[in-house]
Amino acid sequence: MLLTCENIFKVLPIVRFELYNKESSFLVKTNLINEILTVFKYHFNYQFKVLTCISGVDYPENLYRFQVVYELLSIKYNSRIRVKVITDELTPVNSAENVFAGATWWECEIWDMFGIFFSNQFNLTRLLTDYGFQGYPLRKDFPLTGFIEARYNIPKNRVVYENLELAQEYRTFDYLSPWETYTKL
């Protein structure tokens, strides 16, 4: 396979390249994601025809806190790569559904869980949370208990949404671990 860094850097505008456990990872400009995915899919030397996953990552301490990772598989050359873009809360990422039809589901999931908006996505719907849900559960700053609870109310014969009320106070436990209490004989 002719997938070498020199060949890719001559063809594509790559911002950063990483190699980890023999798998290549490329950071690219957000506005060029469709063009780069198209080259990786259709170029004779690459042929990454399968989009195996799109995932989101949250780094709240960074200026561009979100990273969208596209994982591609070349069956012909038996290799995998990752293509990454970084974005913030306001900048949308171009949808990859015109390059890979299966990208629609993952983009909806990332929008639902992280709040990363995908432009030119024609079916951006909630998949894992309710339509009245507020917030994005996979962001690092989302509270662990949530904001509201949904429960079925028997007298009203429907689902009701109420502010979350915890039954007991949070407790902290200061027990020593077995390794701290172990003494040699």
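The values are calculated or read from the model by the stated rules, or taken from the named source; none is laboratory data. Remember, it's a predicted structure, so these values are computed and weren't measured experimentally. Note that we place each Cβ from the backbone using ideal geometry, even for glycine, and neighbour counts take in every protein chain shown.
For segment 142-160, does any single residue satisfy the condition of being loosely packed, with under 10 Cβ neighbours inside 10 Å, modelled with pLDDT of 75 or more, under 30 Å from Glu61 (Cα atoms) and touching an Asp or Glu at 6+ places or on another chain (Cβ under 9 Å)? No, segment 142-160 has no match at all.
Of all the listed residues (Leu12, Leu51, Leu32, Leu3), the sole one being surrounded by 16 or more Cβ atoms within 10 Å (Cβ to Cβ), at pLDDT below 90 and in contact with an Asp or Glu (Cβ under 9 Å, 6 or more places away or on another chain) is Leu12. Residue-level check: of (1) in contact with a Gly (Cβ under 9 Å, 6 or more places away or on another chain); (2) at negative phi; (3) not in a helix (DSSP H, G or I), Glu109 misses just (3).
Under the condition of being among the β-branched types (Val, Ile, Thr) and in a loop (DSSP other than H, G, I, E, B), the residues counted in segment 53-104 number 3. Only one entry in Ile75, Ile81 is in contact with a helix residue (DSSP H, G or I) (Cβ under 8 Å, 6 or more places away or on another chain), more than 23 Å from Arg126 (Cα to Cα) and surrounded by fewer than 20 Cβ atoms within 10 Å (Cβ to Cβ), namely Ile81.
Among the residues of segment 123-130, are any surrounded by 17 or more Cβ atoms within 10 Å (Cβ to Cβ), among the charged types (D, E, K, R) and without any contact (Cβ under 8 Å) to a residue 40 or more places away in the chain? There is no residue in segment 123-130 that is surrounded by 17 or more Cβ atoms within 10 Å (Cβ to Cβ), among the charged types (D, E, K, R) and without any contact (Cβ under 8 Å) to a residue 40 or more places away in the chain.
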